[in-house]
Structure formats: C-alpha cells, structure tokens
Amino acid sequence: MTTQITGIPVSPGLATAPALIIRNAPPTFDRTPIAEGEAAAETDRLKAALGASAEQLTTIMERVRAKVGEEQAAIFEGHLMILEDEELAEALIEKIREQRYNAPAAVEAVSEEHASALEQLDDEYLRARAVDMRDLARRVILNCLGVTPTSLSTIDSDVVLVADDLSPSQTAVLDPARVKAIITEKGNRTSHTAIMAASMEIPAVVGAPAALSSIKEGDMVAVNAEDNVILVNPTAEELGGFAERIRAFEQERLELAALRDLPAETTDGVHIKLAANVGSPDDARPAVEKGAEGVGLYRVEFLFMERAESPNEEEQYQAFKSVVEAMNGQPVVIRTLDVGGDKDLPYLALPDEENPFLGCRGIRLCFERPREFRAQLRALLRAGLHGDVRIMAPMISSLDEVRGLRQALKEAAESLEADGVKYAKDMPLGIMVETPAAALLAQHFIKEVDFFSIGTNDLTQYTLAVDRMNTRIADLYEPLSPAVLQAMKLTVDAARNAGKGICVCGQMAGDVRSALLLIGMGVKELSMSAVHIPRIKKAVREHRLTELRDLAERVLSLPTAAEVKAELAKQT
Amino acid sequence: MASKTVTIQTENGLHTRPAAEFVKLAKSFDSDITVSVGDKDASAKSLFKLQLLGMSKGSELIIESNDQTAVNALCDFVINLA
C-alpha cells in the first residue's frame, strides 16, 4: 500500500527513484565481554572489517581525486594510513585478547582514547584530527557489524536520498546527476541542506519527521517538491499520475525558460535586478543560464569544506576569479567567510558554545583569526582586478566592526602593496543587515558603507528570538512577521535616503509573494538561488510598481503575520 | 645507535600530507626508528602514534635508529619541508 508523507519543500521539482537511506546516528551494538576462546574469531572479524574499510576508503579517495582534487584526496590517504597502522592493530588486538572486548567495542574504546588524547594537544590542527578518528572508527565499527557505510561520493545509480539530516561535507560531495531528490527529517527552509539542494537544483523536502520510519532502503519514492507530496511505493496508477505532473512541471519550466532573455521589468517599466546566490565556481554558469544579472551573494564557505585545512590565499583567489570571470563583468558580491552558528569546519577546532547562533560566528570569527582573514581579504582584493567585485561582511552588529573591517581591508591592501602584488583599489564594501542592531542603526551604518544586503533568514531568527535550527519552534519562525518587516523597512529606507544600494539575499527573495512585497517596499535588487529566478521574473513582469507600493503600504500597517499573508494572497 | 635533533620550522608543523610522507619514508627502512618530542616518543612508522606527539612549529624532534642513513633521511625530510 502506498504511504504518503509531507514536509517542507525547499527546492522545486519532481523525481522518482529508489530510496537510499543515510544513517548518521552512532551504530548500536552489543558490548558484552567475549567468552574465553572467542578472541581468535573476534580478531578475524576485526581484521576483515579493517580490510573492508581500507577498500572502501581507497575507492572514495580515487573518486575524490578524480572529481575534486589531489588536496582533498590527501585527507583520505591519511585516514588509510591510520587504518593500516600496525600500532593501531596491536592496540585493538590487545583489547580483544587481554580485556575481552568484542571487535566493535575494541574499535570504539581505542579510537575514543586516541581522539580524547588528540583533543588535549596544544596544536589546533592536531586537535581537529579527533573528528577524523571518530569518523574512521564509525566506518570500521559498521563494517564489524556487517554494514557497509554509504558514501555520498560513490553513489552510482539514481537514488532519492533519505536521511535524518545531511552534513555540509556530505552535501558537498554528492553528485546531482545521481541524486534525484533529497528528503530529510530535520531542517527547514534555511538549513544548509535546503540551500545546497536549491543551488544544485535537486528537488528537496526537509523537515519530514516520518521519513525514516516510512521509507526503507530500496523503496520506490516519488517526490513532488512542488505540491509537498511524497509517495512511498506508489501504485502503477499513482506513478502514471505522477508522470503526468512531471510533464506539466517540465512544460512550466520551458515557459519560464522562454523569459530568460527578457528583462525583469514591471509593467510600468521599472527594472528589478535579479541576481544569483552562488556557492562555488560551478554554480556560476547555471546562474548565467537562468538569466542572473550578477551574483548578489557568493558564499565562500563551500570552498572551505571537505578539506584538512583552510584554503590559502592563492586557492581562494583562483576560485573568486573563476566566478568573477564566469559572470562576464556583471557585479559579484563576495561575502567574507561566514562560519560558526550551524556551519562548522572541523579543522578550525571551534570550541563548543552554549548558543552558537549568538556566539563567535561571521565577522566575529574573522576578527578572532586575523591571519586567515588577511589571506582572504588579499585574495578578494586581487580578484577585484578581474571584474566588478564587491566585498560584504556578515553578522555585523556595531559600527566598531565596520571600522575594524575597513582597517583590516586597508592593512591587507598595504601588505599587497609591500609585496608588489597588483590589486583593485577602492573596492565597494558593504554589510549584511541580519541583526536587529544593524537594522535599528541602519541610518548610521549606511554612512560608512557602500551598500546593504538584507539576510532575511538570520534577521528573522534574531528579531523573533527563534533559533531557526530548532524544529520544536519552527512554527514561530516567520519572515513575514510585522516585526521583521519593520526591521527591513528601516534598512531599506536608510539605504534609499542615502542613495546607496540595497539588496535582499535571503530565502524571501526567492519566494514570489515576499519578493513582490519587497519590491513594493523599495528594493530594486533581489538575490536568490538561480533556480528561483525565472518564477520571480515572471511575477515581476506581471505587476505594476505602483500597485506593489500600495500593497507594501497596506501590509506594513498590519499587526500580525496571518493578516500579512492574507493580504499578500489577495495580490497574487 | 645514531641520533639527531631537528626543529620543525614550517608554520603548519607536520600536517596530513607531510606527515603521511614522513611515515612512508620511515617505512622504507628496515630498522626501528624512534621519534621523541619532550618526554613522549613514538615509532616513526606509526602515524597513529606520531599524532600524539603534538608536533607543531618549533617542536624539537629527536630521531633515533641503528640505521644512520634512516636518521639522516628523516632529518633532511623535516628540514626541507616547505
């Protein structure tokens, strides 16, 4: 019988394929001490698991070497070397023979001892190897239990991925040609998985709590991220209907594609600039194909993932340059490294924080790591020689930070000057307005920066004091709350009064109704996942700016999100 | 017993790739080779154990073995790290 589940659709599209279940939870197994005489058998089980793990890692390493690069492959080479280490084998066998641990328990104990010892070291890089050790141990334990761990980089048939959640490093290696759709139990519109899926144009439904209990490995799954319907093991009849829906979707896609070369202009002739959010040089070409007029937000974090250490200045420069060149002279806004909060990089060995979203993230972390920040600013200044590049800093909450940023940029320029390296002078510098502090002080901030970009996801979370990762209060997360709209209004008005640029680059920019409201509020530039551009363009072309202004005026006088939504629904 | 002392000069100490190459080089010799830093020591052939020495920039490594060639080769490797 067909099971039907729903969630939060975050990346449009439809697809049918067998399910591939990804389990990231720690494996459960029996830890009863082994009986006398079982040591030999357990040792054999351990050796087989180590051998199988080595074989899997070799495959992954070769794939990564071919698909990603030598640098990233070296990480797996280090893992392999540990796996084949004789001292490790001796420590494991001792646990089995002397302390009567079974094979997986021995792996767990030895790796945990090693990881804890690593965490005690002074060297930041070595401390971060604890993560690798635990990751490696997980693989060996699963192999001891006769389970082959799935690696997203080695998928070689069409699948629908079903997981509790996917980590940034997992999404970074998956192949959009094979992964037809993604379903996760956790997450929401702004979680990492949602953003990555949209940027790779993989249909995705997140926050589907019934996913893992309703879907088994290999079940046929029909994912409709348009209408928020997931069918598990559909009947032939249902599959037929689904195929019909896919055809309709493709039809709409074609119609939208026809708008590609037409301007995003309201019926009264006002041009709205629609730019793309990109995460890597690979995203730039699809963005151009969708008709993006530049990049409104280049998230550089992805360049820092799936590696053993931060990319150096030259690597960053090359990546920035390739995006800038792909955009053919159109503006590219590059955001400085925005990690912390929900985005971790194991090799930075960031300490755990009670409230990571209120902790050392964004610009705060950049200031804490001046050496890495300098390298990034130098790469940005150099990339400026290849096109229209603008720098933007995240998570700004005081003017001191703006001034600190200017100073850091000046020092980076001076160091390039001293080294005789060419760079772009007078590069525009802007900030993300994503804290209530920045919105409230927008009229002061705008005097010291060249442009604003509103990050609606974080501005919503901070204005409403709603952790956007906490599914228990997901219903309280509401970008259309009048409080959030007022914060945006302050920001937009400050920028417009100063005659400076104002862009909106969060999830709202890619939602038709919200985008129309933003335009009515005076925003002339929206940046979104490229996949949303055609629909937004179509909506822009169907409305008059004057009617949208009236709409914004009505909406901004409303006291609740429900009334805001009702008013917006009347418009479209 | 041959023994030599060498100091790590590179910013990144012995990170993934150089560490793996160091171990590969050590494994190419038959004799036992020991690396000590402060009061800790480990086999030069075990990345697993070497990690726990906490080698970083400025660390003084004492490399010991019966094989003088091995000691020289590993010292040179550390000195020549870029």
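The values are calculated or read from the model by the stated rules, or taken from the named source; none is laboratory data. If you're wondering where the values come from, they're calculated on a predicted model, not measured in any experiment. Neighbour counts run over all protein chains shown; Cβ positions are idealised from the backbone, glycine included.
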For this session: Among the residues of the range A:140-155, write down those that are in a helix (DSSP H, G or I) and either modelled with pLDDT of 90 or more or over 21 Å from A:Arg178 (Cβ atoms) (or both).
Result: A:Val140, A:Ile141, A:Leu142, A:Asn143, A:Cys144
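Please work out if A:Leu516 is at negative phi, touching a residue at least 60 places away in the same chain (Cβ under 8 Å) and touching a helix residue (DSSP H, G or I) at 6+ places or on another chain (Cβ under 6 Å).
Answer is no for this residue.
Got a sec? Which of A:Glu98, A:Glu77, A:Glu55, A:Glu36 is at pLDDT below 95 and within 14 Å of another protein chain (Cβ to nearest Cβ)? Lay out the reasoning, then the answer.
On the way: A:Glu98 fails: within 14 Å of another protein chain (Cβ to nearest Cβ); A:Glu55 fails: within 14 Å of another protein chain (Cβ to nearest Cβ); A:Glu36 fails: within 14 Å of another protein chain (Cβ to nearest Cβ).
The unique qualifying residue is A:Glu77.
Tell me which helices (runs of 4 or more DSSP H) are completely within the range A:165-226 and hold 1 or more residues being among the aliphatic types (A, V, I, L, M), outside the structural domain of A:Val466 (by TED's automatic domain parsing) and farther than 16 Å from A:Ile155 by Cα, or say none if there are none.
The helices (runs of 4 or more DSSP H) meeting that bar are A:192-199, A:211-214.
Out of all the residues in the range A:63-73, is one or more among the aliphatic types (A, V, I, L, M), more than 14 Å from every other protein chain (Cβ to nearest Cβ) and assigned to a helix (DSSP H, G or I)?
Yes: the range A:63-73 contains one or more residues that are among the aliphatic types (A, V, I, L, M), more than 14 Å from every other protein chain (Cβ to nearest Cβ) and assigned to a helix (DSSP H, G or I).
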Problem set entry | Filter pass, A:Gly240 being under 16 Å from A:Val159 (Cα atoms) and surrounded by fewer than 13 Cβ atoms within 10 Å (Cβ to Cβ) | no
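The rows are residues; the columns are (1) charged (D, E, K, R); (2) over 18 Å from the mean Cα position of the chain (by Cα); (3) surrounded by fewer than 20 Cβ atoms within 10 Å (Cβ to Cβ).
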position: A:Lys273; (1), (2), (3): yes, yes, yes
position: A:Ser280; (1), (2), (3): no, no, yes
position: A:Arg285; (1), (2), (3): yes, yes, yes
position: A:Arg299; (1), (2), (3): yes, no, no
position: A:Ile334; (1), (2), (3): no, no, no
position: A:Gly340; (1), (2), (3): no, no, no
position: A:Glu353; (1), (2), (3): yes, yes, yes
Exercise. If you scan the range A:321-332, which residues turn out to be surrounded by fewer than 22 Cβ atoms within 10 Å (Cβ to Cβ) and either under 25 Å from A:Pro370 (Cα atoms) or of a type in the set (S, T, N, Q) (or both)?
Worked result: A:Lys321, A:Ser322, A:Asn328, A:Gln330
Exercise. Limited to the range A:420-452, what total is found for residues that are at pLDDT below 95 and polar (S, T, N, Q)?
Worked result: 0
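Taking the stated definitions as given, is A:Ala91 assigned to a helix (DSSP H, G or I), within 12 Å of chain B (Cβ to nearest Cβ), under 25 Å from the mean Cα position of the chain (by Cα) and surrounded by fewer than 20 Cβ atoms within 10 Å (Cβ to Cβ)? Before you say what the answer is, go through the steps one by one.
On the way: assigned to a helix (DSSP H, G or I): yes; within 12 Å of chain B (Cβ to nearest Cβ): yes; under 25 Å from the mean Cα position of the chain (by Cα): no; surrounded by fewer than 20 Cβ atoms within 10 Å (Cβ to Cβ): yes.
Considered against the rule, which asks whether it is assigned to a helix (DSSP H, G or I), within 12 Å of chain B (Cβ to nearest Cβ), under 25 Å from the mean Cα position of the chain (by Cα) and surrounded by fewer than 20 Cβ atoms within 10 Å (Cβ to Cβ), A:Ala91 comes out as no.
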Exercise. Would the range A:62-82 turn up any residue that is out of contact with any strand residue (DSSP E or B) (no Cβ under 8 Å at 6 or more places or on another chain), crowded, with 22+ Cβ neighbours inside 10 Å and either over 22 Å from A:Pro346 (Cα atoms) or among the polar types (S, T, N, Q) (or both)?
Worked result: no
Exercise. Does the range A:308-323 contain any residue that is part of a helix (DSSP H, G or I) and small (Gly, Ala, Ser)?
Worked result: yes
Problem set entry | Subset of the range A:114-131 (residues that are assigned to a helix (DSSP H, G or I), facing chain B (nearest Cβ under 9 Å) and under 15 Å from A:Leu350 (Cα atoms)) | A:Leu118, A:Glu124, A:Tyr125, A:Leu126, A:Arg129
Seminar exercise, completed: Sole miss for A:Thr148 among (1) surrounded by 16 or more Cβ atoms within 10 Å (Cβ to Cβ); (2) over 20 Å from A:Asp282 (Cβ atoms) is condition (1)
Problem set entry | Out of A:Ala495, A:Ala515, sole residue that is modelled with pLDDT of 95 or more and either in contact with a Leu (Cβ under 7 Å, 6 or more places away or on another chain) or surrounded by fewer than 23 Cβ atoms within 10 Å (Cβ to Cβ) (or both) | A:Ala515
